[in-house]
Amino acid sequence: MAFFTDEERKKIEEEAEIRARVYLKYEKKSSGAAGVLSSVCPGLGQAYNGQMGKASLCIFIVLISLLILSFGILFQIKGMPTKEEPVAIETQEPVEMDEEGIVITEEEESAGEQEAATEEKSEKKSAAPAVLIIIGALGTLCGWNYSVKDAIRTAKRINGSY
């Protein structure tokens, strides 16, 4: 059986106290710092807590949601891209001219038809931009909120106070 002298015992206790201080300083995580970091950028709080996979997932979800939201806003402003059908080339019919060589056109009738077509297009606005905006906004808000709450919860769990 080995017995320690007083000097050896004192040295061992000092080393244990130093280890405890290092542990408290570097191993414990501040739940406030984790929450603030995730509030600034989703995933930073998870990275602070040492959860790199979860951090990248949070960043990915929020970025995809922001992209969807951006496209929804863009399509709401500019209109949805449509695939235009190719125009068939028609054979030309003889053009009617009066005696002076001025082409006789039916501008009044064609102008009325164009106005009706424009009104039909404006009435057929798609609901897709609104759906994209809603999905993007909800995804961004929910992803960001989850990131903050999870960072705080994980920091408390690491410290053993949860």
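Do any residues in the stretch 140-162 that are basic (Lys, Arg) have Cβ atoms under 7 Å from those of residues that are modelled with pLDDT under 95, where the two are at least six apart or on different chains, and which pairs are they?
Hits for this filter: 153/162; 156/31; 156/162.
On the basis of being of a type outside the set (A, V, I, L, M) and in contact with a Gly (Cβ under 6 Å, 6 or more places away or on another chain), does residue 30 make the cut?
no
Is it the case that some residue within the stretch 76-86 is part of a helix (DSSP H, G or I), surrounded by 15 or more Cβ atoms within 10 Å (Cβ to Cβ), out of contact with any Pro (no Cβ under 7 Å at 6 or more places or on another chain) and not charged (D, E, K, R)? Quick ask: steps written out before the conclusion?
In the first step, residues of the stretch 76-86 are kept if they are part of a helix (DSSP H, G or I); the result is 76-78.
Going one step further and asking which of them are surrounded by 15 or more Cβ atoms within 10 Å (Cβ to Cβ), we end up with 76.
From what is left, the residues that are out of contact with any Pro (no Cβ under 7 Å at 6 or more places or on another chain) are none.
Scanning the stretch 76-86, I find no residue that is part of a helix (DSSP H, G or I), surrounded by 15 or more Cβ atoms within 10 Å (Cβ to Cβ), out of contact with any Pro (no Cβ under 7 Å at 6 or more places or on another chain) and not charged (D, E, K, R), so the answer is no.
Can you tell me which residue within the stretch 150-162, out of those that are more than 11 Å from residue 58 (Cβ to Cβ) and surrounded by 13 or more Cβ atoms within 10 Å (Cβ to Cβ), is farthest from the chain's Cα centre (by Cα)? Lay out the reasoning, then the answer.
The initial filter retains those residues of the stretch 150-162 that are more than 11 Å from residue 58 (Cβ to Cβ), namely 152-162.
Filter once more, so that each one left must be surrounded by 13 or more Cβ atoms within 10 Å (Cβ to Cβ): 152-159.
Numbers: 152: 21, 153: 23, 154: 23, 155: 25, 156: 27, 157: 28, 158: 28, 159: 31 Å.
Within the stretch 150-162, the match that is farthest from the chain's Cα centre (by Cα) is 159.
Quick check: is even one residue across the stretch 16-25 at pLDDT 95 or above and either of a type in the set (Ser, Thr, Tyr) or in contact with a Pro (Cβ under 9 Å, 6 or more places away or on another chain) (or both)?
Checking the stretch 16-25: not a single residue is at pLDDT 95 or above and either of a type in the set (Ser, Thr, Tyr) or in contact with a Pro (Cβ under 9 Å, 6 or more places away or on another chain) (or both).
The values are calculated or read from the model by the stated rules, or taken from the named source; none is laboratory data. Predicted model only: the values in this text are computed from it and were never measured. No Cβ is skipped: glycine too gets one built from the backbone with ideal geometry, and neighbour counts run over all protein chains shown.
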